[in-house]
Structure formats: structure tokens, C-alpha cells
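Shown next, in C-alpha cells, is the structure this report addresses.
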């Protein structure tokens with residue numbers, strides 16, 4: 001009689017992998033101009049847009065990214081204030097080369113990203129988000145008024161900085177108030193060597 005080798009017991013387990021959620025586009029934003037105020041209104045879907053200065057004062061181009069559709073006015077002129085009213089859902093807004101009086105970002109509920117580069121405001125920057133994981137990055141900026149950032153519940157991140165000493169600028173003329181942010185970093189003013197106010 002042939003003897004069988006003893007059976008080895010094997011323990012099976014399932015390991016949870018990290019989340020790799022990537023928001024999909026498909027949302028619609030609408031641009032409208034009333035007087036000198038340009039408003040970008042989103043919907044409840046994922047909205048991903050870029051607002052870029054054209055080099056002409058008060059003139060901008062609004063572009064949709066990742067299948068986000070832009071309706072209404074996409075090339076406004078004579079703009080001194082921009083309001084992003086993104087509604088609910090995850091949103092990603094990028095602002096490049098803007099020179100304005102004021103800029104307002106209303107992210108609503110969801111995981112929102114607001115990023116701006118080479119931003120010059122003669123007055124105030126205001127960012128208000130609802131509940132969610134929010135990320136604010138403002139690089140190379142000169143804001144003569146106040147900066148107010150109010151995130152909702154969730155671990156949010158706020159960074160205001162120059163890209164590098166000698167190649168960027170970072171200045172706030174008024175007060176900086178950041179609420180509900182797990183991490184908040186305000187850069188030094190590389191023009192004066194003092195901490196930005």
C-alpha cells in the first residue's frame with residue numbers, strides 16, 4: 001500500500017488594497033458676466049476647469065478638463081472679480097496668471113482642489129468649502145487685502161507659497177485666516193525676507 005504524504009494546511013486571506021479613486025469628468029460649468037463680475041457655476045458632478053489670463057487686463061479663457069463641459073461665456077473681458085460657485089461634488093479649479101480685485105471660491109460639499117499660480121489681487125481672496133477633503137495651493141501671489149480660507153469638516157490642506165526664492169513672490173497685505181485645515185502653511189515673503197502677513 002502506497003502511503004500518501006501528509007496534507008499541508010493552507011491559510012487563505014484577503015488583503016485590502018489602498019483606495020485609488022479617481023474622479024471622472026462629465027460635469028457642466030456655466031460662465032456668466034454681470035457688470036465686471038465673472039461667475040463660474042458648476043453642478044453636482046465632478047467639475048474640472050482652468051481659468052487663465054490672456055495677457056490683456058480683465059480678459060480670461062475658461063477651459064474644461066477631463067470631460068467637463070463649459071457653457072455660456074468662456075472668454076470674458078472687463079472682469080475685475082471672479083466667483084467660482086461650484087455647487088456639490090468633487091471639483092478641481094486652476095487659476096493661472098490672474099490680475100483682479102477679488103476672487104471667491106465656493107467649493108460646496110465634496111473633495112475640492114483650488115490651485116492658483118501667479119495670482120495678483122488688489123483686494124481679497126476668499127475660499128469657502130463644505131465637508132470633504134479640500135486642498136488649497138496658491139503659488140506666487142501678491143494679495144493686497146485679506147486671505148480667508150474656511151474649510152468644512154475633513155482633513156484639509158492649505159499651502160500659500162512662492163515657487164522658490166528669487167523666482168517667485170509671496171505677499172499678503174492684510175490678514176490671513178485659515179479655519180478647519182489639518183495642515184496650513186503660509187510662506188515667507190521672499191521680497192522682504194519677512195513672514196507674509
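The values are calculated or read from the model by the stated rules, or taken from the named source; none is laboratory data. For clarity, every value in this text was computed on a predicted model and none was experimentally measured. Neighbour counts are summed over all protein chains in view; Cβ atoms, including those assigned to glycine, are modelled from backbone coordinates with ideal geometry.
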Residue among 195, 165, 179 that alone is surrounded by fewer than 17 Cβ atoms within 10 Å (Cβ to Cβ), touching a strand residue (DSSP E or B) at 6+ places or on another chain (Cβ under 7 Å) and modelled with pLDDT under 75: 195
Here the residues within segment 46-59 that are closer than 18 Å to residue 106 by Cβ and surrounded by 20 or more Cβ atoms within 10 Å (Cβ to Cβ) are 46, 47, 48, 49, 51
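Kindly indicate whether any position in segment 86-100 is within 16 Å of residue 32 (Cα to Cα) and in contact with a strand residue (DSSP E or B) (Cβ under 8 Å, 6 or more places away or on another chain).
Within segment 86-100, the subset within 16 Å of residue 32 (Cα to Cα) is 86-87.
Pick out the ones that are also in contact with a strand residue (DSSP E or B) (Cβ under 8 Å, 6 or more places away or on another chain) and you get 86-87.
Yes, segment 86-100 contains a residue that is within 16 Å of residue 32 (Cα to Cα) and in contact with a strand residue (DSSP E or B) (Cβ under 8 Å, 6 or more places away or on another chain).
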Just checking: which of the strands (runs of 3 or more DSSP E) contained wholly in segment 1-110 hold 1 or more residues that are modelled with pLDDT under 95 and under 26 Å from residue 155 (Cβ atoms)? 102-108
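Which is at pLDDT 90 or above, over 24 Å from residue 47 (Cβ atoms) and part of a strand (DSSP E or B), of 140, 118? First the steps, then the outcome.
Working: 118 fails: over 24 Å from residue 47 (Cβ atoms).
Answer to the check: 140.
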Tell me, yes or no, whether segment 160-174 has at least one residue that is in a strand (DSSP E or B) and within 16 Å of the chain's Cα centre (by Cα). yes
